[in-house]
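Single-structure report; data block below.
Please treat every number below as a calculation from the coordinates, not as lab data. Fair warning: this is a prediction, and the values are worked out from it, not measured in the lab. Glycine also receives a Cβ, built like all others from the backbone with ideal geometry; neighbour counts cover every protein chain displayed.
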Ligand code: ANZ
């Protein structure tokens, strides 16, 4: 403490200081815990409570829960937590039953990597980190219902994550009913022959493993062998959503390769349409909705069959979004992995094969083999990159364009992906840039079938690039039985689709970019799959009674990589090293008695635990059900304005747009379909908070120096006598600029920190942290304190008199403004209004009690500890948390009158004192009736009156 501060404390022993703040904050935090102040009652069950509170409208206010990292929190992390806390507190004071809590997303790689390095069990380090974070969060005065907090690593929690996996495994998607249904309903359809088996044999005659294979094609969770994203750096496979645009892991930035592995998947694609359609009803930022829409990527187009020349029964089915350009298809391309390739290659190059098409190989088979090897080394992203150099080879086969009857050569090229559409395209080089580049490189012919709107003419051989447009006319497109000439694109698409369908050689289809969600990881620190394999290799669900299936102990957590080019090798998962756990004899309760099984040794991705955590907050101790239905309906169910139900406010970063937010929506829909929940969507309103940035100081070598030790002099920055540069960056340990909430709380108290974070700017905008500016909010609290308490004696100084008119106006205007700001999450402007009122009150000699109390109530969501203390000292026995928020008296909110200027021919002729709410009509009548205006018009007629209520009327005489 500085000397001046010490002197001040002697003179004013009851001043609001950091020491006093620390005392107040600790006392009230203990009080809240002891009294369960933030406990929200459920309508029933173990958390049932006060019926009156349950009868209030509900508000479920939620944060994206944190990963308990070893570094603990820096001041950037709680920005969103403080914001939701303020919002939750405001709603408690406006008559709502508010559910607000916070858990921990605690499975995941960092703890496991730490375990590999140090041998510490991930549970040990994770629980220590959780403990530390809980302490840091408690210090901030967050009003969480602690009874409802949990971590995803708690066996009581992941038991239900496993249970949901089983529900998903045990269901299929019925596209006709557009809903998930129990897999038994499908089995019945096969058994009763209502649905034929793939090869027509009766269901009863199929072996168990044959049946399992058939059902696997339908289950919403299924294992399949497919090329997957293999990341050796992380020692695991990754979902598409976890791979960046440049083909690297989103976490850690390691290269990602394709490898064929047997993996678990979630059939999220079955829900593509619903995931898209239901976005419309959600109150989410448009940018996030757009990212989801693009990720789901719905394309309307057609599938068209091209018969293969000399192969009577082979046909190539392509997917196109431009079936209107069918007459312009002059060659075809299959993905190198396409299954038809081997079937259609001839033994030798046909007559007339150009040298450019063979890649210098003696036979088509050799050319294909060499090209496939080359393509396999590239990721999908690299294959789709906008490179002008297109590669490929001719297969030696030709197909027939069904409308023009022309023979078109069939190529393989890596710019066509196996995982999209049908893995085959018709190439229309005149109107698709990729095809254009390919056709140029391989000297293929082009035909213009969409009339260019510029002056390039209709001979594509003279063009620099394809002409791609939806807003043009079709030309050159007349065949024997169909013509598209003269039609617009949309009409042409409709006409040709009809023609294709009438001949059964094609059909209109919708295609999605979304892929199924790859759901297994070769890691230790995740939920084990509740799946075992019998001796035949058939996967069986564990019965519910065997949940939770707990993670076994292992000696060694490290991932063991493998050679993706050698199909005899595969990644070794840490769980597989515990043979005792892996090989078990179990009675699955299927009437077959105890049998030997092998457990699945992959674990679930860290997204699993966050797919449904909102539901567990509702009913955290339920050991009988996922969530009690009545409780779920109460907090999450559909209601007016929220037709799909969901959390009322969900705050978090925008980086989860196509990961967590998509996965959680998918699980919600499955649970809804199966009747476990009444809400179709998990999060009704989503809000993305900005980031707290921090200055990074670097020395002449570019190395970051500790920001806290940098001094500013004459507009420059100095560290240990040497000048350093300053740039805005992320806050964190590695850039040596992390500021912890603990430091700020120690220096000023949690209320000051809360106010500062909320005052920094609009919540959705990123803002630079500036420790020196924090003191501004500290001063606000000191002035507030002085307005109520005598710093010398500690006595309450308010008086029981009526406030004067000006003070009443200041108070009610602040109440009105703060209410609106609280509703709209504009906490920075709310603080500005409170500061203004506080400054006004500072000038009043004796502060009336009603004004002081109003001020305390207004600031209480933002600075709850000091508000509790003042409220208590003002003589109220109950906590301020459940006090009603002040309501503005409209009579004091409006400025009594505003001055309206009346102009005639642009010159001011009169000034009217009018109510701010005056209507245009009223104002026009008042202006035209004014004596001075009548005189100025002098009998002239009126051509026009321009009214801008309440401030201006402009009259133009005839
Ligand atoms: C002919 C055509 C003509 C096409 C034209 C486009 C423009 P979106 O809109 O993203 O769905 N395509 C189809 N399957 C593909 C695959 N597996 N790999 C790479 N490209 C593929 O894209 C659909 C278009 O992408 C399809 O329409 C097809 O090219 C190509 F003037 O067919 B189009």
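For this structure, a couple of remarks:
- The packing ranking of peptides 932-941, 598-607, highest mean first, is 598-607, 932-941, where packing means the average number of other beta carbon atoms within 10 angstrom of each residue.
- Over region 748-848, the Kirkwood radius and the radius of gyration, each from Cα atoms, give a ratio Rg/Rh of 1.01.
- Reciprocal mean inverse distance between Cα atoms of region 1-158 - Kirkwood radius, Å: 18.2 Å
- Coordinate range along principal axes, alpha carbons of region 577-683, Å, largest first: 53, 33, 24
- Region 51-91 - Rg (one decimal) and Dmax (whole number), Cα, Å: 14.0, 43
- Cα centroid of region 245-279 to Cα centroid of region 617-665, whole Å: 23 Å
- Pair-distance profile P(r), taking every C-alpha pair of region 618-660, with 5 angstrom steps and integer %: 5, 18, 18, 17, 20, 16, 5, 0
- Taken along its principal axes, the alpha carbon cloud of region 861-908 reaches lengths of 64, 20, 16 Å, longest axis first.
- Region 850-921 versus region 765-802: alpha-carbon centroid distance in Å: 20 Å
- As a rough footprinting exposure proxy, the listed residues 660, 100 were ranked by other beta carbons within 10 Å of their own, and the order from fewest upward is 660, 100.
- Projected area averaged over orientations for region 369-475, convex hull of C-alpha atoms, nm²: 7.6 nm²
- Isotropic mean projected area of the C-alpha convex hull, region 310-407 (nm²): 7.3 nm²
- Theoretical ellipticity at 222 nm over the chain - DSSP helices of four or more residues, -39500 (n - 2.57) apiece, nearest 500: -9500 deg cm²/dmol
- Legend: translational diffusion of region 226-313 by Stokes-Einstein, Rh = Kirkwood radius over C-alpha pairs, 25 °C, 0.890 mPa s; D = 150 µm²/s.
- Relative to the longest principal axis of the Cα atoms of the chain, the long axis of helix 805-823 lies at roughly 20 degrees.
- Packing, as the average of other Cβ atoms within 10 Å across residues, places the peptides 744-752, 178-186 in the order 744-752, 178-186, highest first.
- Alpha-carbon Rg with Dmax, taken over region 203-350, Å: 20.3, 61
- Kirkwood hydrodynamic radius of region 896-958, Cα pairs, Å: 11.3 Å
- Gyration tensor (alpha-carbon) shape descriptor, region 428-527, a/c threshold 1.5: oblate
- Pairs of C-alpha atoms in region 710-773 farther apart than 18 Å represent 50 percent of all such pairs.
- Region 831-958: relative contact order in percent, alpha carbon pairs under 8 Å with at least 6 residues between: 19 percent
- The P(r) of region 840-958 has a tail past 17 Å containing 66 percent of all C-alpha pairs.
- Relative to its residue count, region 150-250 spans a Cα convex hull of 183 Å³ per residue.
- Whole-angstrom gap from region 468-538 to region 173-227, using each part's C-alpha centre: 23 Å
- Over region 88-154, the ratio between the Cα radius of gyration and 2.2 N^0.38 Å evaluates to 1.43.
- Relative contact order of region 573-637: 21 percent, from C-alpha pairs under 8 Å at least 6 residues apart in sequence.
- Angstrom value of the Kirkwood radius, inverse mean 1/r, which spans all Cα pairs in the chain: 33.4 Å
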